[in-house]
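Below you'll find the structure, written out as structure tokens, and then a few comments.
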């Protein structure tokens with residue numbers, strides 16, 4: 001790993017060239033956009049063309065879709081020491097490009113760590129909730145006219161990207177402000193240098209990396225202990241936390257809480273209350289108690305920096321959400337289709353319960369694609385309980401991502417554990433055919449693999465039926 005801060009790194013490279021192995025990932029593409037903005041020559045590889053890679057190419061970033069050394073630009077290979085080589089652990093170790101001799105690779109998290117050393121890093125951690133919270137924080141800062149740079153794990157519907165840089169506002173701190181998702185996978189968040197932090201949740205995950213829940217919690221404790229100033233943590237976070245921690249929740253008996261004054265048809269109005277401040281009659285732009293809790297965290301962070309209350313209040317009202325986070329794809333008199341990235345049992349539970357709260361009495365059909373064999377194995381009972389919250393379940397095969405299959409672990413094995421009368425295991429093609437034939441009145445699309453590729457086709461099905 002390169003030791004030092006990003007300014008030293010830039011100076012050492014001179015030519016300012018960077019290559020991303022796995023550039024189409026949501027986190028990698030944000031970094032690619034950052035370096036492109038900094039006038040670096042950016043090149044990358046990804047296995048599959050996607051709307052995100054197409055967007056990167058339209059922004060002037062070159063991408064190859066063949067894992068071949070011969071496809072790399074000669075100026076990168078001939079001057080490999082003058083290139084920053086970045087990879088994601090999702091890339092298989094057998095990758096030809098990854099195994100080119102005499103190249104020193106940095107993980108994406110290591111590069112983010114270098115950037116964070118040079119900035120006042122606002123880090124958002126949590127097993128779930130971190131993407132929405134970090135995007136909401138970036139949106140509030142933008143509305144408040146505060147300069148910052150954000151590296152996000154999702155596409156903001158307001159900012160239209162997973163990377164955002166604001167330079168025409170006011171500077172609040174001695175160093176530039178960055179907003180970063182603090183990813184617990186591979187202990188990535190321990191490479192950051194956080195100035196302030198939010199911890200939304202600490203439910204165990206990634207036990208293929210951590211092995212035990214104790215080690216997982218211990219990593220979160222280490223992260224919290226690395227924060228320079230203050231931490232905002234949900235009351236659900238069950239780890240030892242430093243003294244400079246403020247707790248938040250959607251009810252009293254906490255440092256920061258929300259008093260809900262109106263809740264009807266998914267629309268909520270609430271008062272924000274803390275030891276130092278009260279903001280009344282805040283209207284939520286997105287539904288769900290989980291999003292209200294995310295709002296408390298993002299508001300608290302922004303207010304602690306000096307954002308004005310009225311700017312924060314306006315930002316919460318006009319927040320449009322995140323792509324694939326409670327994203328309404330179809331909404332007509334007879335049909336509703338909602339897409340969500342939920343891939344952990346507690347995320348599924350929160351999402352399904354939020355939908356039932358908004359649409360009480362309606363039959364809920366869920367299409368779910370499990371993500372990772374290890375996660376399916378480690379949380380099988382919890383997945384079974386969460387999936388049983390729908391009325392009709394369509395389960396797809398497990399999306400392996402970086403993993404090899406685990407003997408005995410399959411969607412067939414998982415669906416047998418779901419205590420539900422109406423359930424079936426289907427291929428993606430058969431699932432589309434079933435949806436076209438049955439036209440579920442309230443359909444949920446759930447998962448973090450490639451299930452999102454079905455969304456445009458499902459939308460076409462409903463638009464044809466409702467035309």
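The values are calculated or read from the model by the stated rules, or taken from the named source; none is laboratory data. Everything numeric here is computed off the predicted structure, so don't read it as measured data. Virtual Cβ from ideal backbone geometry, glycine too; neighbours counted across all protein chains shown.
Quick one: is residue 368 assigned to a strand (DSSP E or B), in contact (Cβ under 8 Å) with a residue 40 or more places away in the chain and under 20 Å from the mean Cα position of the chain (by Cα)?
yes
Residues in region 209-241 that are loosely packed, with under 15 Cβ neighbours inside 10 Å and assigned to a loop (DSSP other than H, G, I, E, B): how many?
Total satisfying the criteria: 6.
Filter region 247-267 down to residues that are farther than 14 Å from residue 294 by Cα and assigned to a strand (DSSP E or B) and give me whichever is modelled with the lowest pLDDT.
Among those that are farther than 14 Å from residue 294 by Cα and assigned to a strand (DSSP E or B), it is 264.
With the requirement that a residue be surrounded by fewer than 22 Cβ atoms within 10 Å (Cβ to Cβ) and at positive phi, what does region 115-146 give you?
145
If a residue has to be part of a loop (DSSP other than H, G, I, E, B) and either touching a residue at least 60 places away in the same chain (Cβ under 8 Å) or under 16 Å from residue 325 (Cα atoms) (or both) to count, how many in region 141-182 make the cut?
Residues in region 141-182 being part of a loop (DSSP other than H, G, I, E, B) and either touching a residue at least 60 places away in the same chain (Cβ under 8 Å) or under 16 Å from residue 325 (Cα atoms) (or both): 14 in total.
Restrict the check to region 304-324 and report whether at least one residue is assigned to a strand (DSSP E or B), crowded, with 20+ Cβ neighbours inside 10 Å and either in the same structural domain as residue 386 (by TED's automatic domain parsing) or touching a residue at least 24 places away in the same chain (Cβ under 8 Å) (or both).
Within region 304-324, one or more residues are assigned to a strand (DSSP E or B), crowded, with 20+ Cβ neighbours inside 10 Å and either in the same structural domain as residue 386 (by TED's automatic domain parsing) or touching a residue at least 24 places away in the same chain (Cβ under 8 Å) (or both).
Check whether at least one residue in region 442-457 is outside any helix (DSSP H, G or I) and more than 20 Å from the chain's Cα centre (by Cα), and report yes or no.
Yes, there is a match, as at least one residue in region 442-457 is outside any helix (DSSP H, G or I) and more than 20 Å from the chain's Cα centre (by Cα).
Quick check, is residue 359 in contact with a strand residue (DSSP E or B) (Cβ under 9 Å, 6 or more places away or on another chain) and at negative phi?
Yes, satisfied.
Which condition number does residue 322 fail, the rest of (1) modelled with pLDDT of 95 or more; (2) within 23 Å of the chain's Cα centre (by Cα) being met?
(1)
Select from region 200-223 the residues that are in contact (Cβ under 8 Å) with a residue 40 or more places away in the chain and more than 27 Å from residue 145 (Cβ to Cβ) and list them in ascending order.
Within region 200-223, 201, 202, 203, 204, 205, 206, 207, 208, 220, 223 meet the criteria.
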